[in-house]
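Worksheet for the structure shown next.
Where a number appears in this text, it was derived from the coordinates with a stated rule and is not lab data. Everything numeric here is computed off the predicted structure, so don't read it as measured data. We place every Cβ from the backbone using ideal geometry, glycine too, and count neighbours over all the protein chains shown.
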Amino acid sequence: MKKSALITELKGVGEKTQKLYARLNIRTVDDLLAAYPRDYETFSEPVNIAQAPSEEAVAVCAAITGIQNEKRVGKLHILNMSASDTSGSLTLTFYNMAFLKKTLKRGGFYIFRGVIRRRGNTAGMEQPKIYSPEDYRKLTNRLIPRYSLTKGLTNQAIQKCVRQALSLCDFEPEYYSRAVLRDNDLMSAGEALETIHFPADYDSLLKARRRIVFDEFFSFLFLMRKNRELCERLKNEHPMIETADTVRFLEQLPFPLTKAQDKVWKEIREDLSSSYCMNRLIQGDVGSGKTILAVLALLMTAANGYQGALMAPTEVLAMQHYETVTEYVRKYGLTFRPALLVGSMSSREKKEIYAKISSGEANLIIGTHALIQEKVQYASLALVVTDEQHRFGVRQREHLAEKGNVPHILVMSATPIPRTLAIILYGDLNISVIDEKPASRLPIKNCVVGTSYRPKAYRFIAGEVEKGRQVYVICPQIEGDEEDTEGSPVLENVVDYAEKLKNALPAGLQVAFLHGKMRPGDKNRIMEEFAAGSIDVLVSTTVIEVGINVPNATVMMVENAERFGLAQLHQLRGRVGRGKHQSYCIFVSGSEKKETMERLEILNRSNDGFFIASEDLKLRGPGDLFGIRQSGEFSFRMGDIYSDASVLKRASDAVDRILREDPELTLPENQLLRIHLLETAADSVDFRSL
């Protein structure tokens, strides 16, 4: 069976199941095998109640000693039972499981697995999983993969499908040379794929993960190096000179540029007037003032008689940029003739904008990826400014070159990455860093709390809304999983949490939710309503990490903060603190373990993204490999630039060595690698020179 086969070719996957898999973006066998486990359950030996650590999943072997009490709270039935071993006793709490009164026999020994929480001298375990000693023994010391789920699809069903796919699939032969495998201590690709799904032990799991992470980094870095080679050869077809327009604009602005902004603006001016095409990254913390530099670069472009394009990740942000620029034109008399182009426009509206672009009537075009579609013909496009979520790759550059344009590229990134890693990851770009913020920015006030703080947080949120402010609440999941890892903190999801907030907050407050699987039209509508102030509280996944600017939002509350990387939490925090009012960020941790709280406290101590990123780099280790979620530009399927920094450096060295010794991949030992890269990266880089 080929990996490209539809998932319906697997036994037991019919039309109904196929639709469930589609909700997880799994349509082919390859998609299934690439949907790596989100984490693994380990069934360790049972421990005595007295010795069991608090706040983490453990198993205890105890005898039922009786029913303490049972009661009803609305539709919820609560059953409290007592259990004990030779070292102590435990209160077991079960919800809506009244049948256990009959199935759990007094004096019977069972294995109870869950999280023990202690209050004074009493220990309790809520909703533990129950096993017979014999059944638990079969699971002891095994690593059981846990997959991302959707309602109707169980973890066991996915495991069964993956096993079947691994046994039937034809896998490509090993593509790295023996030297690469040996020098980097890598297992084969086929072995790594099987092991990542069904590891024999923790050591083999780490080796499998290392191989997959190395692959992700290697492919990415190889493309970036090829991109750099191409860019270094591009002559500047749109040479510019500084005009009075940018000088006047800077004089009229109500605030001066910071020293860091001034330095980067000088670098941009030099690029635009040099002999070669600009390919520059502005790396700056949230709120450091990157956008005004982009406007200056676009203004210099327009003043020189060329067109510029500003690409935003969402329609809402594109519209906000358009409104900002239009206001600048009105207020400062800038030479921009701006046009907005987004996918939701009608055919008639698009046709009118196309005409303005092709005639040169519009000299600044603001929009989403619609800016590089087939029908858009530019008169003299000289500069493209793009957000990090839309890295401008070789294919897009070629697409514009075929229309007679080889534009300058300016990429803006708010991802705080330590410089040592940035040099590796952004190897195809010249890097400018803005390492200070305008003095007018009020520092965000932060707090790191446990789940017991929620009632107080809800009162605070209600108070801010009463003042006319708005609030973001971030959850790690879209919907609740049918199954969750036993004993782990409950993961909040946007759908249920939005309903919970509606009940917890005063009547009349407008609460809405947003997530990435919503239809584009619905997402845009929700973001527009929030930006307009019609929604008071927006419950969302990290989809709002970029793409919306609401200065009136003053509170960011992140649920299950322990599930995110520090750098990502810092970027989420950047959604507030954009206006004149004091802003706040509440990080709610589902785990109150000492190490977890200490890690999150770094955010409490600092609002400096680069400091936080460097601390994240120090703190991430093997224990975090399967628990912390990340996003942003470098959302590799499995690799994490912080905890996998050493693998990233090795992959970088391997790429450099191969390109130095065999740049066209023509040697026999690199033939399979060449084929592999052609197949996996055809849309990212031009390999026709290979």
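Figures for the structure shown
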{"quantity": "Linear extension gain, Leu168 paired with Glu327, 0.36 nm per residue minus alpha-carbon span", "calculated": "51.1 nm"}
{"quantity": "Backbone HN-Hα couplings from phi across the stretch 608-617 [Karplus 6.51/-1.76/1.60, Hz, Gly and Pro as x]", "calculated": "8, x, 6, 5, 4, 4, 5, 5, 4, 4"}
{"quantity": "Sequence-distant residues sharing a close amide H with Gln127 (under 5 Å, placed H)", "calculated": "Thr93, Phe94, Tyr95"}
{"quantity": "Net charge dipole size for the chain [Lys, Arg +1 and Asp, Glu -1 on Cβ; Debye, nearest 20]", "calculated": "1720"}
{"quantity": "Subset of Lys19/Lys160; Lys356/Lys517; Lys259/Lys523; Lys75/Lys502; Lys331/Lys517; Lys351/Lys523 violating a 28 Å alpha-carbon distance limit", "calculated": "Lys356/Lys517; Lys259/Lys523; Lys331/Lys517"}
{"quantity": "Inter-label distance, nm, simple model (7 Å from Cα along the C-beta direction), Lys594/Arg38", "calculated": "3.0"}
{"quantity": "Alpha-carbon radius of gyration plus Dmax, which is the widest Cα pair, for the stretch 550-619 in Å", "calculated": "12.1, 36"}
{"quantity": "Relative counts (whole %) of C-alpha pair distances in the stretch 163-273, using bins that are 5 Å wide", "calculated": "2, 9, 12, 12, 11, 8, 6, 6, 7, 8, 8, 8, 4, 1"}
{"quantity": "In nm, spacing of pseudo-spin labels at Gln582 and Arg182 (7 Å Cα→C-beta vector)", "calculated": "6.5"}
{"quantity": "25 °C / 0.890 mPa s Stokes-Einstein diffusion coefficient of the stretch 450-595, Kirkwood radius on C-alpha pairs, µm²/s", "calculated": "159"}
{"quantity": "Difference of contour (0.36 nm per residue) and Cα-Cα distance, Ala532 to Ala200", "calculated": "114.1 nm"}
{"quantity": "Two-site FRET efficiency, Arg348 against Leu253, from Cβ-Cβ distance with R₀ of 35 Å, rounded to 0.05", "calculated": "0.40"}
{"quantity": "Cross-link partners of Lys71 among lysines (Cα-Cα below 18 Å; sequence separation of 8 or more within a chain)", "calculated": "Lys101, Lys102"}
{"quantity": "Between the stretch 175-225 and the stretch 103-165, the Cα center-to-center distance that results, in Å", "calculated": "31"}
{"quantity": "For the stretch 1-108, alpha-carbon Rg relative to the globular expectation (2.2 N^0.38 Å, N residues)", "calculated": "1.67"}
{"quantity": "Where labels lie 7 Å past Cα in the beta-carbon direction, separation of Tyr276 and Ile675 in nm", "calculated": "3.5"}
{"quantity": "Cα-centre dipole for the stretch 66-213 with unit charges at Cβ (Lys and Arg positive, Asp and Glu negative), debye to 20", "calculated": "1040"}
{"quantity": "Degrees separating the helix 454-466 axis from the principal Cα axis of the chain, which is the longest one", "calculated": "30"}
{"quantity": "Positive-end extreme of charge dipole, the chain - chosen from Leu491, Ala62, Val13 (charges on Cβ)", "calculated": "Ala62"}
{"quantity": "Dimensions (Å) - the chain, Cα atoms, principal axes, largest first", "calculated": "88, 69, 46"}
{"quantity": "Reduced Cα scattering model of the stretch 62-112, Debye log10 I(q)/I(0), q = 0.17, 0.20, 0.22 Å⁻¹", "calculated": "-0.48, -0.64, -0.75"}
{"quantity": "Geometric extent, Cα atoms of the stretch 35-78 - Rg, Dmax (angstrom)", "calculated": "16.3, 44"}
{"quantity": "Selection from Ile417, Gly114, Leu92, by position along the positive dipole direction of the chain (Cβ)", "calculated": "Leu92"}
{"quantity": "Spherically averaged projected area of the stretch 228-387 from its Cα convex hull (nm²)", "calculated": "9.6"}
{"quantity": "Total formal charge among the other residues, if their Cβ is under 14 angstrom from that of Ala5, Lys/Arg +1 and Asp/Glu -1", "calculated": "0"}
{"quantity": "Most positive-pole-ward Cα, Ile212, Phe249, Leu234, against dipole of the stretch 207-254 from beta carbon charges", "calculated": "Ile212"}
{"quantity": "Translational diffusion of the stretch 110-151, µm² s⁻¹ [Kirkwood Rh, Cα pairs; Stokes-Einstein; 20 °C; 1.002 mPa s]", "calculated": "168"}
{"quantity": "Equivalent-ellipsoid semi-axes of the stretch 234-283, from the Cα gyration tensor, Å, largest first", "calculated": "23, 14, 7"}
{"quantity": "√(5λ) per eigenvalue of the Cα gyration tensor, the stretch 186-244, largest first, Å", "calculated": "45, 11, 7"}
